[in-house]
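The values are calculated or read from the model by the stated rules, or taken from the named source; none is laboratory data. This structure is a prediction, so every number in the text was calculated from the model and none was measured. Note: ideal-geometry Cβ built from the backbone for every residue, glycine included; neighbour counts use all protein chains shown. The area values use the complete protein model at the heavy-atom level, side chains included, leaving out ligands, DNA and RNA. Shrake-Rupley method; radii C 1.70, N 1.55, O 1.52, S 1.80 Å.
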Amino acid sequence: NARQALALEPGLNPEVRAAIRVPDAGMDPFRLPMHFFASARAGGAEIHEFTAVTRIRTRSGRISGVVVHRRTTGEEFWVDGNIVVNAAGAWAGRVAAQAGVRVPVRPGPGVMVSLAARVCNRVVNRMPPAGEGDILVPQRRGVVLGPTLWLADDPDRPGVPADHVRRVQTLCAAMVPAAADPAPHVAWSACRPLIEDGVQEEAPQQISRSFTCWDHGQRDGLAGLVSLIGGKATTLRAMAEAAADRICELTGRRIACRTRDLPLLGHRHFYRG
């Protein structure tokens, strides 16, 4: 039974008397995209690294392609296509605006802190509703602590507020006291693509982490544009399935999604070409 009493690990706060042990796992967020890129390329996709969409071309109420800018060379070129999936995360609002439509995405930056010390050997997560400083994740020879959350307007420059770094470590040390001692090895921030729905500036943790997939042909009269917004790493495969199912509908295909049963290629396959 996964929901069993947990004999607390050494270092855990002795005031914590009850806990639940569940099957846990971790992922490397820096390598994870490589698994998807390698698998997509093996299926026939072209991957353009360091390339940003700068314009969306439309003709008679329908998508006809995009203009992209390759940052490594400075070149700009057209990519033709009658369906564009806007899966740009916290930048999805900017991409949609290039086509003259709006998607209600708000960047929600958060700080994560890495300690160069293994203060625990399994994921430790506070169970109440989502909050700040509520998880420790062992990774390689250290532990990642996090997160915090605030709302921003610019996903490109979230910053790493020093008080957030201190707050994360203090809150996580309430669960695992040993986390209070090591100096932070590195701290960083990234933006969640939160769906604006009566956004509460003072309580961003209450914003849903759910996702949605919009057909802008139905919503805005712009055929061929699909926006995939919201979500997080643990829902990304389900998000991709929703987008693929929508594309099948738009193109008149009846094809069952197989990605729930299809293992991804290893991240090194991406570099092997």
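Give me the accessible area per residue for the chain, probe 1.4 Å, as a whole number in Å². List each step's numbers first, then the result.
Numbers: 16240 Å² over 273 residues.
Accessible area per residue, the chain: 59 Å².
Per residue Cα convex hull volume for the range 46-102, in cubic angstrom?
Details: hull volume 4.9 nm³, N = 57.
Cα-based convex hull of the range 46-102, divided per residue, equals 86 Å³.
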Cα-based equivalent ellipsoid, the range 8-157: semi-axes from gyration tensor eigenvalues, Å:
41, 19, 14
If I take R0 = 22 Å and measure r between the Cβ atoms of His269 and Lys232 in this structure, what FRET efficiency does the formula 1/(1 + (r/R0)^6) give, to the nearest 0.05?
0.35
Just to be sure I understand: with springs between alpha-carbon atoms less than 10 Å apart, which residue in Arg31, Arg237, Arg62 has the highest mean-square fluctuation in the Gaussian network model of the chain?
Arg31
Summed side-chain charge close to Val101 - residues other than Val101 whose Cβ falls under 10 Å, Lys, Arg +1, Asp, Glu -1:
+1
Largest-first principal axis extents of the Cα set of the range 86-184 (Å)
51, 26, 24
Long-range HN-HN contacts of Thr58 with modeled amide H, under 5 Å
Ser64
GNM result for the chain, Cα springs below 10 Å: residue of Val79, Val137, Val123 fluctuating most strongly
Val79
The ³J(HN,Hα) series, computed from each phi in the range 260-266 with the Karplus coefficients 6.51, -1.76 and 1.60 at θ = phi - 60°, rounded to the nearest Hz and given as x for glycine or proline, is 5, 10, 9, x, 7, 5, x
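With a 1.4 Å probe and every protein chain kept in, tell me what percent of the accessible surface of the chain is carbon plus sulfur.
Details: 8510 of 16240 Å².
Using a 1.4 Å probe with all protein chains present, the chain comes out at 52 percent carbon and sulfur.
What number, rounded to the nearest 500 deg cm²/dmol, is the helix-based mean residue ellipticity at 222 nm of the chain, given -39500 (n - 2.57) per DSSP H run of at least four residues and division by all its residues?
Values: 6 runs with 55 residues, N = 273.
Calculated mean residue ellipticity at 222 nm is -5500 deg cm²/dmol.
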Per-residue ³J(HN,Hα) for the range 133-150, Karplus 6.51 cos²θ - 1.76 cosθ + 1.60, θ = phi - 60°, Hz, x for Gly and Pro:
x, 10, 8, 10, 10, x, 8, 6, 9, x, 9, 9, 10, x, x, 10, 7, 8
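Once you list every other residue whose beta carbon is under 13 Å from the beta carbon of Leu145, what net charge do they have if Lys and Arg are +1 and Asp and Glu are -1?
Details: positive: Arg118, Arg126, Arg166, Arg167; negative: Glu132, Asp134, Asp181.
With Lys, Arg at +1 and Asp, Glu at -1, the neighbours total +1.
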Karplus-derived 3J(HN,Hα) from phi for the range 92-109 (6.51 cos²θ - 1.76 cosθ + 1.60, θ = phi - 60°), whole Hz, x at Gly and Pro, runs 4, x, 5, 5, 4, 4, 5, 9, x, 10, 10, 10, x, 10, 10, x, x, x
Can you tell which of Gly74, Gly108, Gly159 shows the greatest fluctuation in a Gaussian network model of the chain with Cα springs below 10 Å?
Gly74
Nearest 0.05, what FRET efficiency do His48 and Ser208 give at R0 = 45 Å with Cβ-Cβ as r?
0.90
Please compute the modelled spin-label separation between Glu75 and Met127, points set 7 Å along Cα→Cβ, answer in nm with one decimal.
5.7 nm
Dipole in debye (nearest 20) - the chain, about Cα centre, beta carbon charges: Lys, Arg +1; Asp, Glu -1:
760 debye
